[in-house]
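Since the structure comes first, as structure tokens, the remarks are kept for the end.
The values are calculated or read from the model by the stated rules, or taken from the named source; none is laboratory data. What you see is a predicted model, and the numbers here were worked out from it, not measured in a lab. Here the Cβ positions follow ideal geometry from the backbone for every residue, glycine too, while neighbour counts run over all protein chains shown. To get the accessible areas, we keep the full protein, side chains included, count just its heavy atoms, and leave off ligands, DNA and RNA. Shrake-Rupley method; radii C 1.70, N 1.55, O 1.52, S 1.80 Å.
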Amino acid sequence: MRFPLLVMIFFFTAFPAKAGELHIYPPEVSFSGPNRVQQLLVLEEENGRVVKDHTATAKFTSPINKIAKVSDAGRVTATGNGESTITASVDGRMTTAKVTVSDFDKAPDWSFRNHIVPTMTKLGCNSGACHGALAGKGGFKLSLRGFDPDTDWFVMTRQAQARRVDLTNPAESLLLKKTTRTLPHGGGKRIVEGDDHYSLLFDWIKAGAPGPREADVSLSGIEVFPKAALLKPKDSLRVIVRAIYSDGTTEDVTRWARFGSSEDLVAGVTEDGFATVSGHGEAAIIVNFGTKVATLTITSPFPNAIDSAAFAKAPRNNFVDELILKKLELLRLPPSGPATDAEFVRRAYLDTCGILPPVDEAMAFLADTDSKKRQKLIDRLLERPEFVDYWAYRWSDLLLVSSRKLPQPAMWAFYRKIRQSVGDNQPWDAFARDILTATGSTLTNGGANYFVLHKDVSELAEATAITFLGMSVGCAKCHNHPLEKWTQDEYWAYANLFSRVGLKNGDRSGEVLVQSRLDGEALHLRKGVALSPTPLDGKALPVDAANDRRGYFADWLTAPNNPYFARAIVNRVWKNYMGRGLVEAEDDLRVSNPASNPELLDALTADLIKNKFDLKHLMRIILNSTAYQRSSKPLAGNIADDRFYSRYLLRRLPGEVILDAYSDVTGVPTLFNQLKSAAGDSATPIPTYPAGTRAIQLPDSLVLSRFLEAFGRADRVQTCACERTADASVTQALHLNNGQTLNDKLRDKNSIVGKQIATTMTDAAIIDQVFLLALTRKPTPEERKKFLDILVEAAKDGAQSRREAIEDFVWAILTGREFLFNH
């Protein structure tokens with residue numbers, strides 16, 4: 001019992017007994033108008049992170065109640081023009097907030113756009129399950145989450161014989177009687193008479209239910225208080241949200257904001273913004289208001305007793321290690337030790353080239369005593385021809401290279417373009433520009449096939465966002481994005497960048513000519529007008545500008561200050577090597593899905609830009625890090641870690657890599673001699689792929705392979721990382737047990753089994769050879785004895801029995817977890 005007691009003592013003393021700095025948030029409060037309030041928070045901080053919320057026990061005072069008064073709970077209300085301060089005290093410590101009030105004498109004014117719509121959103125009235133549904137509910141239809149305020153105002157105040165708002169007797173308005181359930185309401189009781197929401201709606205109706213105005217200020221952004229917290233299970237924290245408007249005014253919008261958590265098992269949050277820690281790790285509290293999104297990070301360290309000196313002494317090879325160790329120390333996650341040379345060499349070959357290390361190369365590496373042998377191996381791997389095979393395949397997945405929509409000659413031209421760029425180590429920004437500005441014949445300029453695959457303007461815009469920005473904007477096509485800041489207007493302004501791509505058939509079979517046109521617009525789905533072509537968060541191009549819109553977009557996309565482009569490819573490459581993206585899923589980069597280590601993602605992005613988008617440089621940085629070179633074996637203190645890289649994350653190998661490895665170990669190549677139809681209901685014999693073609697070299701996802709289909713090959717139909725799966729299935733088990741792929745290779749007369757028997761290898765030599773080929777290691781004494789006993793016993797029944805036993809032994813190795821997983 002001594003060790004658990006020590007852990008408990010450490011855990012409860014890890015948060016220093018000494019008081020941290022006391023802060024009040026927001027430190028400055030500005031009221032513009034008479035009907036505004038601001039909730040204050042009193043928080044204790046250490047190293048920029050909140051460690052305790054004192055708001056509930058703090059004592060608040062206001063020296064000038066004629067300007068602002070404050071409740072016992074810290075809620076400030078304006079009472080007159082001027083400046084004042086609010087003081088909060090906790091155990092003899094004090095902190096103050098400055099309060100400024102202006103325009104107090106003007107009439108109370110609730111904005112339909114900035115107050116009524118957010119209220120309806122908060123209450124769920126305009127959600128997809130209620131009146132925001134496509135057909136509305138009960139004859140009352142609102143725009144989804146209020147993306148069309150003008151129409152919403154008309155529906156609320158003019159439809160249903162204007163009974164929804166009663167300007168002469170506001171309390172009789174259906175809007176109030178239904179939501180309080182004074183009258184039957186299918187959505188239940190949403191507000192209580194006299195609460196903040198009721199009072200706001202009542203006052204708005206009483207003022208004449210004014211609609212949206214051109215003079216309305218627009219929402220520029222939101223800020224969340226606090227920014228970060230370091231808490232332990234059962235701690236709670238209140239979150240407040242402040243809106244910043246286009247005229248510089250601010251307002252407490254916590255009561256209208258929507259709250260969620262990225263990890264409910266670590267920290268949950270109520271609809272009113274009260275967060276409670278329930279586990280260990282990190283959670284982002286996600287805040288939505290209007291079209292804006294912001295997050296607060298809550299860190300809950302694991303209950304591990306780790307001396308800070310352990311982190312200080314941990315090996316560091318580059319900045320990746322500095323930033324990962326910094327995160328691990330914060331979370332109290334011990335890093336696993338280094339991988340063995342045998343583990344590292346197998347891992348690096350598979351992750352970089354998609355192949356098992358040849359035995360002679362692996363043995364030479366293991367015998368090498370050079371302290372820099374891992375660095376040198378990494379450099380050699382990045383120059384191997386198999387590197388080109390592997391990464392051309394990866395980018396072909398991303399760009400949907402397939403004969404499903406492309407004729408065979410065009411498909412090959414697209415693949416060769418990708419393969420050439422990988423072979424030349426073309427910088428990623430130059431590659432993206434080549435693809436997005438491609439013109440001419442799709443047979444001579446393979447990148448132009450990108451536009452044949454995505455002929456529809458919306459499809460092209462959405463695929464480009466996922467491919468090169470790592471984000472999905474498709475939801476904003478019909479309404480404002482529910483999880484991101486993108487509005488419907490921003491979507492159609494972005495889509496209009498791709499409206500002038502012209503396609504026409506060429507003279508040769510399968511040829512399409514791609515060109516930029518001088519006309520053509522993508523009309524807003526709801527407004528029916530063309531918006532100025534505008535990159536996401538970029539500068540608008542006038543509608544009548546003569547610029548090539550694709551070129552304008554490519555300039556914005558590849559600019560060093562683009563906040564999305566470099567991050568997206570960094571995250572994709574990181575996931576390939578580390579098993580999990582810094583943002584997961586790898587193509588779901590958004591504010592509401594923050595990175596597990598934002599500082600590291602920023603540093604890798606800056607480094608890639610500094611090195612001119614050289615992907616080999618990025619790979620070299622990752623491969624050389626001690627984080628990549630850690631053991632996959634968990635420690636007691638990091639076994640729960642699946643995202644902070646305290647150890648190498650196990651993951652199943654891609655189906656193509658497994659199939660090629662089966663061919664390499666057994667010595668029997670896989671034949672690819674049939675092509676599926678686009679519908680998948682028939683197959684045609686093809687002579688295109690000679691014997692010895694590797695699965696990772698296939699340019700076309702329609703090449704028939706039941707094994708690859710079972711093991712999650714991407715169909716290349718939609719631009720989404722979700723197309724490729726690594727989940728285990730019954731189909732995979734049946735394929736390995738009863739399928740022809742592996743079993744036929746083992747039975748083949750030219751297989752490794754046949755050669756082993758023909759050369760009269762001893763049983764011990766056979767076992768050693770298979771282990772080295774498949775697992776890049778020799779068997780342990782226990783493993784060798786176990787398999788030797790089996791082979792010796794089988795040999796007693798004759799040569800055929802011995803062969804079958806050897807086949808079974810090889811099969812067992814090639815279907816085991818150690819073989820199928822990279823570790």
Cα centroid of the stretch 582-619 to Cα centroid of the stretch 513-538, whole Å: 30 Å
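Whenever you get a sec, line up D216, D507 from highest to lowest accessible area (probe 1.4 Å, protein heavy atoms). Please list the in-between numbers first.
Values: D216 30, D507 160 Å².
Ranking D216, D507 by accessible area, largest first, yields D507, D216.
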For S261 the rounded accessible area (nearest 10 Å², probe 1.4 Å, non-protein molecules ignored) is 30 Å²
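Classify the stretch 146-206 as rounded, prolate or oblate, taking a ≥ b ≥ c as the square roots of the eigenvalues of its Cα gyration tensor: rounded when a/c is under 1.5, otherwise prolate if a/b is larger than b/c and oblate if not.
Numbers: a/c = 1.41, a/b = 1.33, b/c = 1.06.
Note, shape of the stretch 146-206 comes out rounded.
Probe radius 1.4 Å, ligands and nucleic acids ignored: give me the carbon and sulfur share of the accessible area of the stretch 635-726 as a rounded percent.
Details: 2020 of 3590 Å².
Roughly 56 percent, rounded to a whole number.
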In terms of the alpha carbon gyration tensor, root eigenvalues a ≥ b ≥ c, rounded if a/c is under 1.5 and otherwise prolate when a/b exceeds b/c or oblate, the stretch 269-397 is oblate
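When the helix-only estimate is applied to the chain (DSSP H runs of n ≥ 4, each -39,500 (n - 2.57), divided by the residue count), what is the mean residue ellipticity at 222 nm, nearest 500 deg cm²/dmol? Can you show the working numbers first?
Working: 29 runs with 295 residues, N = 823.
Counting only the DSSP helices, I get -10500 deg cm²/dmol.
With respect to the cross-link table entries K376/K616; K676/K745; K227/K477; K417/K539; K504/K527; K327/K616, which display a Cα-Cα separation exceeding 21 Å? Mind showing how you got there, number by number?
Numbers: K376/K616 14 Å; K676/K745 23 Å; K227/K477 32 Å; K417/K539 31 Å; K504/K527 30 Å; K327/K616 26 Å.
Long pairs (Cα-Cα over 21 Å): K676/K745; K227/K477; K417/K539; K504/K527; K327/K616.
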Relative contact order for the chain: what is it in percent, counting Cα pairs under 8 Å that are at least 6 residues apart? 9 percent
Of all DSSP beta bridges having both residues in the chain, the percent classed as antiparallel (nearest 5) is 90 percent
Could you check what % of the DSSP bridge pairs in the stretch 63-131 are antiparallel, to the nearest 5? 100 percent
Please give every one of the aspartates and glutamates within straight-line cross-link reach of K786, meaning a C-alpha to C-alpha distance under 14 Å, and leave out same-chain neighbours fewer than 8 residues apart. D763, D768, D808
Rounded to the nearest 10 Å², the 1.4 Å probe accessible area of E361 is 70 Å²
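Please work out whether the stretch 398-461 counts as rounded, prolate or oblate from its C-alpha gyration tensor, where a ≥ b ≥ c are the square roots of the eigenvalues and a/c under 1.5 means rounded, while otherwise a/b larger than b/c means prolate and anything else oblate?
Details: a/c = 1.75, a/b = 1.23, b/c = 1.42.
Since a/c reaches 1.5 but b/c is at least a/b, the shape of the stretch 398-461 is classed as oblate.
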Give a residue-ordered list of calculated ³J(HN,Hα) values for the stretch 731-739 (Karplus: 6.51 cos²θ - 1.76 cosθ + 1.60, θ = phi - 60°; whole Hz; x for Gly, Pro). 4, 5, 4, 5, 5, 6, 6, 10, x
Rounded to a whole number, what % of the accessible area of the stretch 267-315 do carbon and sulfur atoms account for, probe 1.4 Å? 53 percent
May I ask you to evaluate 6.51 cos²θ - 1.76 cosθ + 1.60, the Karplus curve with θ = phi - 60°, for each residue of the stretch 564-579 and list the ³J(HN,Hα) values in order in whole Hz, giving x for glycine and proline? 10, 4, 5, 4, 5, 6, 4, 5, 5, 5, 4, 5, 4, 8, 9, x
Would you mind working out the accessible area per residue for the chain, using a 1.4 Å probe, and quoting it in Å²? 43 Å²
Skipping prolines and chain starts, which residues have an amide H placed within reach, meaning under 5 Å, of the one on V512, given they are 5 or more residues away or on another chain? T442, L443, G506
Quick numbers on the stretch 654-798, Rg and Dmax over C-alpha atoms in Å, give 18.1, 57
Rounded to the nearest 20 debye, what is the charge dipole size of the chain about its Cα centre when +1 sits on each Lys and Arg Cβ and -1 on each Asp and Glu Cβ? 500 debye
If the reach is capped at under 16 angstrom between alpha carbons, list the aspartates and glutamates near K373, excluding any in the same chain fewer than eight residues apart. D341, E343, D360, E361, E383
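For K786 and A73, FRET efficiency with R0 = 56 Å and r from the beta-carbon atoms, rounded to 0.05?
Details: r = 69 Å, r/R0 = 1.24.
Calculated transfer efficiency: 0.20.
Could you sort T605, T759 by their accessible area in this structure, using a 1.4 Å probe and putting the largest first? Please report the intermediate quantities before stating the final value.
Details: T605 15, T759 85 Å².
Sorted descending by solvent-accessible area, the residues read T759, T605.
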Using θ = phi - 60° and the Karplus curve 6.51 cos²θ - 1.76 cosθ + 1.60, what whole-Hz ³J(HN,Hα) does each residue of the stretch 151-165 get, with Gly and Pro shown as x? 5, 4, 4, 4, 5, 6, 10, 10, 6, 6, 6, 6, 7, 5, 10
Reachable lysines, given that their alpha-carbon falls under 25 Å from the alpha-carbon of K785 and they are not under 8 places away in the same chain: K633, K755, K796
